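J.: Structure provided below as structure tokens; questions to follow.
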Amino acid sequence: MKIKALKGFKDILPGEVELWQILENTARTVFEQYNFHEIRVPVLEETALFQRAIGDTTDIVEKEMYTFVDKKQTLRPEGTASVLRSVIENGLLVQKPVQRLFTIGPMFRHERPQKGRLRQFHQLDIEVLGSKSPLLDTELISLAAMLFSELGIHVSLELNSLGCPKCRPAYREALLAFINERKDKLCSDCQRRSETNPLRVLDCKVPADRELMADAPSIQEWLCEECGDHFNAVQQGLERLGIPFRLNKFMVRGLDYYCRTTFEFITSDLGAQAAVAAGGRYDGLAELLGGPAGTPGIGFAMGMERIILLMQQSEKDFQESVEPLDIYIAGLGDKGQKEASRLAWELRQDGFSVGLDYEGRSLKAQMKLANRENASFVFIIGDEELATGKGVLRNMRDRDAEQMELELKAEAFYFLDDLL
């Protein structure tokens, strides 16, 4: 009986994993340009962390989490709660009052697998704790925009504000009154959400419900003075940077901890309109998880599977970014293989990437392997070369060949540095 991967869990194979490496390396470069530092957090946490942070009435907590019920432990469904738990537990805000952190890794949600959405999926997660400046909101959005630009991916930005505990209750009442007039026509999920979290009704994906809610009041009209000023400052900051955006009153995000600025980068290049990055402010979350009172926070996550799909569709040639193999050593015969192994050891210690064959393949077969590995050079060692003491170095770009002394150590190959 063949054992297959679980539904919604995918192998990332050679040939595709190189795109993942390009994405991660590009992201790390951009994150460093913005002065972010990496943090690595566990994939398994206490269930209570996500219940408290995300909210008991969210779809994630109610339906999607992978939880070991007997242990009260859960595979992380998102990254923000784990990062905040680590910051609080390790006293990082005492060491530095503003923390600028990123993490890269797998998340887990039990939902219906589809294109770009798996049960084990991967995220680039950015979090800043300790600053409430609207300029920071603009900066984080610009970071995402720069990363998409570097990857040659076309996205559009949507923006909203969810207000704060001061202005949201009045809006909630107005929204609930609007919902109640149409409640009987809404789907069962929205009827339930109207009792627990009315804002989530705005986020319903059922077309008929979206039509019913089209004229719902906008929270942007109910913002208090402080939230209004903050939201205006974010918009003005984006306009100064030349980053286009569209206001979307229906964008409320699916997690309870968001407040004020929320945003999504969306694309229509994956079929149905899909978010490839999303986030916002969560100024009360650190305190809710036992951190210092009044600690502001903001962050966003980027779905790596969806970004990889967009990279595969992009006009940008990512093969140019894949490092070729420096040298393939074609050892022919038993003695040739042994000499090839010795030389490979020398070259690898000096920083060259080297390919070898130990299966006794013919020179023709090994040259095909070298081509497949995109090798820049092939060094040939066979009986004839061993007899003369000179191997053949072939440039795979222009097919030129020259002889080199076999007794020479790896230093003899240093001239290749200028050619690789």
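The values are calculated or read from the model by the stated rules, or taken from the named source; none is laboratory data. Nothing here was measured: the structure is a model prediction, and the numbers come from that model. Don't worry about glycine lacking a Cβ; one is built from the backbone with ideal geometry, like all the others, and counts go over all protein chains shown.
J.: Could you give me the residue pairs with C-beta distances under 8 Å whose first residue belongs to segment 324-346 and is free of Cβ contacts under 8 Å to residues at least 12 places away in the same chain, whose second residue is surrounded by 15 or more Cβ atoms within 10 Å (Cβ to Cβ) wherever it lies, and which are 6+ apart or on separate chains?
T.: Note: pairs meeting the criteria are 338/331.
J.: Kindly indicate whether residue 189 is over 29 Å from residue 308 (Cα atoms), at pLDDT below 80 and out of contact with any helix residue (DSSP H, G or I) (no Cβ under 7 Å at 6 or more places or on another chain).
T.: So residue 189 passes the test.
J.: Within the set of pairs 6+ apart or on separate chains, which have a first residue in segment 379-402 that is at pLDDT below 85, a second that is in a loop (DSSP other than H, G, I, E, B) and of a type in the set (Gly, Ala, Ser), and C-beta atoms under 8 Å apart?
T.: Correct list of pairs: 396/375; 396/376; 397/376.
J.: A follow-up question, please. Can you say whether residue 318 is in contact with a Lys or Arg (Cβ under 7 Å, 6 or more places away or on another chain) and not polar (S, T, N, Q), as far as the supplied structure shows?
T.: No, not satisfied.
J.: Criterion first (under 27 Å from residue 85 (Cα atoms), buried (at least 20 other Cβ atoms within 10 Å of the Cβ) and either assigned by TED's automatic domain parsing to the domain that holds residue 151 or without any contact (Cβ under 8 Å) to a residue 40 or more places away in the chain (or both)) does residue 294 satisfy it?
T.: Here the answer is no, as residue 294 does not meet what is asked.
J.: So, of the residues in segment 147-185 that are touching a Cys at 6+ places or on another chain (Cβ under 7 Å) and not polar (S, T, N, Q), which turns out to be surrounded by the fewest Cβ atoms within 10 Å (Cβ to Cβ)?
T.: 166
J.: Still on this model: Please enumerate the residues belonging to segment 355-383 that are touching a Leu at 6+ places or on another chain (Cβ under 9 Å), among the acidic types (Asp, Glu) and under 18 Å from residue 335 (Cβ atoms).
T.: If the condition is that a residue be touching a Leu at 6+ places or on another chain (Cβ under 9 Å), among the acidic types (Asp, Glu) and under 18 Å from residue 335 (Cβ atoms), then 357, 383 are the ones that fit.
J.: Does any residue of segment 67-76 turn out to be touching a helix residue (DSSP H, G or I) at 6+ places or on another chain (Cβ under 9 Å), more than 23 Å from residue 117 (Cβ to Cβ), polar (S, T, N, Q) and assigned to a helix (DSSP H, G or I)?
T.: no
J.: Please find, among 217, 207, 198, 244, the residue that is buried (at least 18 other Cβ atoms within 10 Å of the Cβ) and either at pLDDT 75 or above or closer than 29 Å to residue 49 by Cβ (or both).
T.: Exactly one residue qualifies, and that residue is 198.
J.: Scan segment 84-111 for residues that are of a type in the set (D, E, K, R), buried (at least 20 other Cβ atoms within 10 Å of the Cβ) and assigned to a helix (DSSP H, G or I) and report the count.
T.: 1
J.: Consider residue 41 against the criteria (1) over 26 Å from residue 130 (Cα atoms); (2) hydrophobic (A, V, I, L, M, F, W, C); (3) in the same structural domain as residue 267 (by TED's automatic domain parsing); (4) assigned to a loop (DSSP other than H, G, I, E, B): it satisfies all of them except one. Which criterion is unmet?
T.: Here residue 41 meets the rest and fails (1).
J.: So, one more: Among the residues of segment 156-173, count how many are among the small types (Gly, Ala, Ser) and more than 27 Å from the chain's Cα centre (by Cα).
T.: Here the count works out to 2.
J.: Would you tally the residues in segment 1-16 being surrounded by 12 or more Cβ atoms within 10 Å (Cβ to Cβ) and not small (Gly, Ala, Ser)?
T.: 4
J.: A further question follows. Does segment 163-180 include one or more residues that are outside any helix (DSSP H, G or I), modelled with pLDDT of 75 or more and more than 15 Å from residue 259 (Cβ to Cβ)?
T.: Within segment 163-180, not a single residue is outside any helix (DSSP H, G or I), modelled with pLDDT of 75 or more and more than 15 Å from residue 259 (Cβ to Cβ).
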